[in-house]
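Values quoted throughout were computed directly from the atomic coordinates according to the rules given, and no laboratory measurement underlies them. Note that the structure is predicted; figures quoted are calculated from it, not measured. Every residue, glycine among them, receives a Cβ derived from its backbone with ideal geometry; neighbour counts consider all protein chains shown.
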Amino acid sequence: MNDTTPPPALPDRLSVNPRSPHYVTAVFEHDVGIRLNGKERFDVEEYCISEGWVKVAAAKALDRRGQPLIMTVKGTVEAFYR
């Protein structure tokens, strides 16, 4: 199949958690990549380009609801389609 529809524009803030108000289903139909300070990250849970942060899971630690504990890492954020 030739899918010629262009991917939607990447939002300023995006989350992989479907319960989040920043979750956009149309974006996740394509493969999204995140660079933080020039290095590609594969463990990003949420990002905000304008504020310059990403949220990543903290090792294997879980909160009381079974969700991974999240750390905020600051720097220059770039989002792109692979």
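General observations
- Going from the fewest other Cβ atoms within 10 Å to the most, the residues S50, S20 appear in the order S50, S20.
- For the stretch 4-80, the Kirkwood radius over C-alpha pairs fed into Stokes-Einstein at 25 °C and 0.890 mPa s yields D = 186 µm² per second.
- Full extension of the chain segment joining W53 with H22 gains 9.7 nm, where the gain is 0.36 nm per residue of separation less the Cα-Cα distance.
- Computed on the stretch 7-74, with alpha-carbon pairs under 8 angstrom and 6+ residues apart, the relative contact order is 24 percent.
- For the chain, built as a Gaussian network whose Cα springs stay under 10 Å, the top-fluctuating residue of V24, V56, V32: V32
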